[in-house]
Each structure stands twice: as C-alpha cells, then as structure tokens.
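Okay, so here's the structure we're looking at.
The values are calculated or read from the model by the stated rules, or taken from the named source; none is laboratory data. Since we're looking at a predicted model, the values are computed, not measured. We place every Cβ from the backbone using ideal geometry, glycine too, and count neighbours over all the protein chains shown.
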C-alpha cells in the first residue's frame, strides 16, 4: 500500500447480522480537508465515521489512514475522536478532562502537543480550569470536549454530531468556534451532522447520504472562501448552497 | 451553616433525645428485666464505673471489623474487575455469591473455626467472607455503569485495559462501593460480634457479651451492645466524611 496522506475509504461496507447498514461506499479525505457526512437517521453516517475511527470493522472493502489501517492510526493517536455526548469524566476538573487523551496511552503522544490550557483560554474557559463538568452548561461541556480532541495535536479529527444536543444559538456559536480552531491546525476533519448550516459553514465538501441501505448519494463542493467567519451565514452564496444541499438531501431520501 | 442545614441538625438532636427518653421511660414504667432491655442511664453508669475493659474490647472489635472489611474490599475489587470484564465468568460466579449471601453464617461458624482455627483469624475470616458479595455486586454494577461514550473515547486512542480499569471503571464504581460499604459495616459488625462470642476468643465485645449473657449479667451484655452500636455509628460517620470528600463530583453529594 502506498503511503498517501489522507483518509481513503474504498468500497467499505457494514452489515449488522441481516441488516445492511452501509452499502459499499468510496470517500477520500485529503490532508487538511473538512468533509461533512450529512443524511437522515439510519443512513450509516455514524457507522462510517466509527469505521474510520477504528471502533468498528468494515464487513467488506477497506479503509486506510495515511496508507495504514485505522487500528494503526488509533494506536499511534493520530485520530482525535469527538463523540456525540461530551463524555467528560465527572471526577476530573475541566483542565484534567482537557488533558485526558494526553494522559492515556501517553507513549504515543506527539513530541510537542498543543497546550490544553492555552486551548481552554481560546475557547473562553480559562477561568473554569478548576471547575467540575457538572458546574458547566452543555455548550461549555462540549467546548471542553473539543479542546480535549484538539489538545492531542492529531492530524485527523472525527466528530460525531457533537452539537446535536445544543440549542440553536449555542450551536451556531460552536460551529463558528470550531472553524476558528480548525483553521490554524491544518487537521483533516470528518464531521457528521444533521444540520445543513453546519455542513455548509464548516466543509470543503459535503457527502450526502441516504438510508436503506446507507450509501453516499452525492459529494458537493463548498467553494466558499476561508477563513470562514460568522458573517458568511448572511451571504446569498451561503443560502444558495444550503438550498441546493437541501434539494440533494430530499432527492436522496426519495422526497422530491 | 444554612438555615435548612441547621434545622436538620436540630431535628436530629430532637430525635436522638426523644429516642433515649422513650427507651428510659419504657424500661422504668414497665419494670423490664435487665437481660431483656437495660435503661440507657444504667448502661452509661456501668460503662463509666469501669470503662477500661469495654474500651479495650471495642478496640479489638474495631480491628476485626477494619481488617475484615479491608481484606474483603481488596478481594472483591479483584473478583469484581474480572467479572465486569468477562460476562460468562459473572454468570458462573452467581451461584457462589448468592449462596454466601443467603446462607446464615450463624450456622457455619463451627466449620469456619475448624478450617481457619479459633481466635482472631476466624473472626476476620467471617467478617471478610460475609461482606464479599455486596462489594462484588457494587464493583461489577459500578464498573459496568461507566459512560459508554467515554469507553469509546478511551478506545479511540487505544488506552490499555489497565488505563480503562484505573481511570474509568474504578472511579465509576466508587458511588456504589460507598453504598456497599455502609451496608457492610452493619453486616460486618454483626459477624464480628457473633464470631468473637463463638470463636473462643478471650476479648472483643462479642466475647464479653456472650459471657455476660451466660451469667445473666444484663448490665454487661447491654453495655457491649451499646458499645457495638457506637462503633458502628463511628464507622458510618467516618465513611460518610470520606465519601463526601471523595465523591464531590457525584450527584449524591450535591
């Protein structure tokens, strides 16, 4: 296998018993690129993300990260995973939670990972370093979750609907913050979401999925300039992309 | 101290004083025989007249309780961690755990003495043995309750089994372990008192209590009973304090 930087999904499929959760799909994520998986519930987007993360094995086809297996990437801590719930450890302070992924399997840490305290300050949680998760709001908890993944200094970030449980205003703030955090790192991101606005605002490309069985219907390029700033969401081009994405999504789901 | 908190203290004191007054009153009014129930005032005067032997006995019993519970906790954590990780093992161990829980230890103390010998070893063995099931169930249940998303997060960077156990599963089991500890203090103290009386020891509250009972010495018997209760109370308060500082993050302590 040649060592090409990036994630390569090659006819990867997944069956759970008799259920075909994901038909064979192809997807390439280049280094530094942000790709969103969007689609209705049951379209296999989380399954695909979990397979890339090495948390689930494909039933057919293959997935490679930088030319190696997802398992090898997991062992080398090259992937920062952000689950749907913040999954903070309630007995650890905010700072200790932000350091969690560095404390575990520490032999595989990069030589000079980003400073979690600096990251906490950047997301506006500098004053909450000694607080416990139960003292934070849902949005603040998810910000700690982001810091925890970014502190790993990983080349790949996999996010499974991290803002799904937040209210609309907090959610908008979070996608703006995420864009800001991503830009300087040059990390490639695979982002699973239900939200059209999140998909358009964050992505370089959006993979639209449909269910029964899960598959990728179309991959849409988002040619909006970077850096992306909140004002972009008032731009006619943003609305046009959002609208075209909605149409693709509806067509994919069989609702024209 | 908040008003609600100080109210709670006031009512606890009222309840305690009320209970003691009611107890004293019943014994005096009905002229209850000392072997059946001794008035609190007479228990206190028996203790104050010659506290030395009771304090010594309480110290011996406290040691039995602490040794027994410590051994039980260590063994239970090892067993519990193994059972939480391997489900077939959990099913296989159920008959043994249930058997230990439901079999009356009063019945098999003679076998215990025959197996491990009389004296301290038999007492500590019984305390440890009877308290294992509650600790094991608490460990298994608590470890299994670890947040599945957090487990996935650990797995996403290939955390070792030891890291998962030490940094995720064990802290997740702490709340249920404290609950089990509170329950086991009562159980262990009962087992220690009984075993001291039955295991041919020459000290400990249980031994003094048994000898007092055989001489129809109601004052001696009830003083050992109250000393045992005070010991249990002190143990409960100690555990509650440790729990409060260890589990500050848990909803039970907020």
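Is it the case that some residue within segment A:153-163 is out of contact with any strand residue (DSSP E or B) (no Cβ under 7 Å at 6 or more places or on another chain) and at positive phi?
Applying the first criterion (out of contact with any strand residue (DSSP E or B) (no Cβ under 7 Å at 6 or more places or on another chain)) to segment A:153-163 yields A:153, A:163.
Those left that are additionally at positive phi: A:153.
Yes, some residue in segment A:153-163 is out of contact with any strand residue (DSSP E or B) (no Cβ under 7 Å at 6 or more places or on another chain) and at positive phi.
Going by the structure shown, is residue A:135 more than 10 Å from chain B (Cβ to nearest Cβ), in contact with a helix residue (DSSP H, G or I) (Cβ under 9 Å, 6 or more places away or on another chain) and farther than 17 Å from residue B:157 by Cα?
no
Exactly one condition in (1) facing chain B (nearest Cβ under 9 Å); (2) within 18 Å of residue B:171 (Cβ to Cβ) is false for residue A:75; which is it?
Condition not satisfied by residue A:75: (2).
Has segment B:5-17 got at least one residue that is more than 24 Å from the chain's Cα centre (by Cα) and within 17 Å of residue B:229 (Cβ to Cβ)?
Yes.
Does segment B:205-212 contain any residue that is touching a helix residue (DSSP H, G or I) at 6+ places or on another chain (Cβ under 7 Å), within 30 Å of residue A:151 (Cβ to Cβ) and in contact (Cβ under 8 Å) with a residue 24 or more places away in the chain? Steps first, please.
Filtering segment B:205-212 down to residues touching a helix residue (DSSP H, G or I) at 6+ places or on another chain (Cβ under 7 Å) leaves B:205-210, B:212.
Then keep just the ones that are within 30 Å of residue A:151 (Cβ to Cβ); that gives none.
No; the residues of segment B:205-212 include none that is touching a helix residue (DSSP H, G or I) at 6+ places or on another chain (Cβ under 7 Å), within 30 Å of residue A:151 (Cβ to Cβ) and in contact (Cβ under 8 Å) with a residue 24 or more places away in the chain.
Touching a residue at least 12 places away in the same chain (Cβ under 8 Å), over 26 Å from residue A:246 (Cβ atoms) and away from chain B (no Cβ under 14 Å): is that true of residue A:62 in this structure?
yes
So how many residues does segment B:183-205 have that are surrounded by 24 or more Cβ atoms within 10 Å (Cβ to Cβ), within 15 Å of residue B:224 (Cα to Cα) and more than 15 Å from the chain's Cα centre (by Cα)?
Of segment B:183-205, the ones surrounded by 24 or more Cβ atoms within 10 Å (Cβ to Cβ) are B:184, B:188-189, B:191-193, B:195-196, B:199, B:204-205.
Keeping just the survivors that are within 15 Å of residue B:224 (Cα to Cα) gives B:189, B:191-193, B:195-196, B:204-205.
If we keep only those that are more than 15 Å from the chain's Cα centre (by Cα) as well, we get B:196, B:204-205.
Total satisfying the criteria: 3.
Kindly indicate which of B:54, B:67 is under 19 Å from residue B:186 (Cα atoms) and in contact with a helix residue (DSSP H, G or I) (Cβ under 9 Å, 6 or more places away or on another chain).
Among B:54, B:67, only B:67 is under 19 Å from residue B:186 (Cα atoms) and in contact with a helix residue (DSSP H, G or I) (Cβ under 9 Å, 6 or more places away or on another chain).
Only helices (runs of 4 or more DSSP H) wholly contained in segment B:104-190 count here; list those with 1 or more residues that are within 14 Å of chain A (Cβ to nearest Cβ) and touching a strand residue (DSSP E or B) at 6+ places or on another chain (Cβ under 8 Å). Give the derivation first.
On the way: elements: B:105-116, B:120-144, B:148-156, B:161-164.
Result: B:148-156.
Name every residue in segment B:206-218 that is surrounded by 15 or more Cβ atoms within 10 Å (Cβ to Cβ) and in a loop (DSSP other than H, G, I, E, B), in order of residue number.
B:217
If a residue counts only when it is at pLDDT below 95 and surrounded by fewer than 16 Cβ atoms within 10 Å (Cβ to Cβ), which helices (runs of 4 or more DSSP H) contained entirely in segment A:87-161 have at least 2 such residues?
Where helices (runs of 4 or more DSSP H) fall fully within segment A:87-161 and carry at least 2 residues being at pLDDT below 95 and surrounded by fewer than 16 Cβ atoms within 10 Å (Cβ to Cβ), they are A:116-122.
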